[in-house]
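For reference, the structure is listed below as structure tokens.
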Amino acid sequence: VQIATRGWEAAGEKERLRETAEDSRLLYVAATRARDYLVIPLIPGDKKRFLGPLSGNLDAAGDLPPGELLYPFGRSGPPVQIYDSRRLDVEKRELRPFRISIEAKKKKRDGRSLDRFHAWRQGLEKIHRSGTKGRQIIAASALAREGERPPAGRRWIGGAGAYFGSLVHELLSRVEWPHPQGLEIMAPALGRKYGLKDEEVKRGAEAVRWGLSSDILKRAARSERVWRELPFVYNHRGALIEGFVDLAFEEDGEIVVVDFKTDRVEGAELEERARHYAPQGIVYAMALEGITGKKVKEVVFLFVSARLEKSIPLGKSARQRVERLLKGRASARNESERAPGRA
């Protein structure tokens, strides 16, 4: 006795018709998306499912004889040859090891083979060493720390000053140009985020407001293209240099880089800090030139707390100095890797 759910057969037939209709829709979508040629696999056996509406109208719709040439594009088109994978010779064969006898050195011909073998092995070892060595990664901001150090007794902003700098940078990246709409609302909210006091938040907002009125940001507001908070990774002679450009803009087909600084500087200190940060700015210029293929005509440090802007030289001597810094870092790394006891 067979027991079935009431209406099972009718529901099954309805489901079969639904699947058939869905197959037809899928086949229509697949067949109508071809741009130049529609390639249809010819599968021996039952062709009623899915490809049936197409394969039944093909010239070679029957079983395909292995080894014979088919001309799906006519005799003037390229032929297709069918192989029966069941008849392919896929048996494993014993592989004899490659050996060179000691006596091979005495024979000129075998000696050349031995030299080629040694050259191949040395090349393989070189590739292996290169693969396990890894790429050197240099942070552009670290080059500033390797430039000129501040004289003894001079205090660089750190600690809470770092949070103040984060506040200023984030405000400059978020406010609208040229009018700082929403600055009065954003500054207190971000100040709470960084745990700053009200007077620090107020000072940060005033610094940002001056920055937006500076000559360099007015030029940026009029420029053709502007990039804010621009991260980059640049391959320089095998080393990867990574950095974060606060602002870059295109002016007359060339690029201007702007780096925001919150250091409190006065008088002669401006020149001192500009020299300290110069390698970082020059690396920004070198990287953007290499990535974009456009010339960087100017790098400007915008000291928003001091309300000063300073353009640094990008001449040959300045770039050579940065090249020496980069080379020094690479040499130091190589020396450390050759040091005894290093894994």
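The values are calculated or read from the model by the stated rules, or taken from the named source; none is laboratory data. Owing to the predicted nature of the structure, the values given are computational and were not obtained by experimental measurement. Neighbour counts run over all protein chains shown; Cβ positions are idealised from the backbone, glycine included. Side chains are part of the model used for accessible areas, which takes the heavy atoms of the whole protein and leaves out ligands, DNA and RNA. Shrake-Rupley method; radii C 1.70, N 1.55, O 1.52, S 1.80 Å.
Worth a mention:
- Protection-proxy order for peptides 218-224, 124-130, 243-249, each taking the mean of Cβ atoms within 10 Å per residue, highest first: 243-249, 218-224, 124-130
- Å² per residue, accessible surface of region 241-288 at 1.4 Å: 29 Å²
- Protein accessible area in region 175-333, 1.4 Å probe - carbon and sulfur %: 50 percent
- Calculated FRET value between Glu254 and Glu199, using beta carbons and R₀ = 45 Å, to 0.05: 0.65
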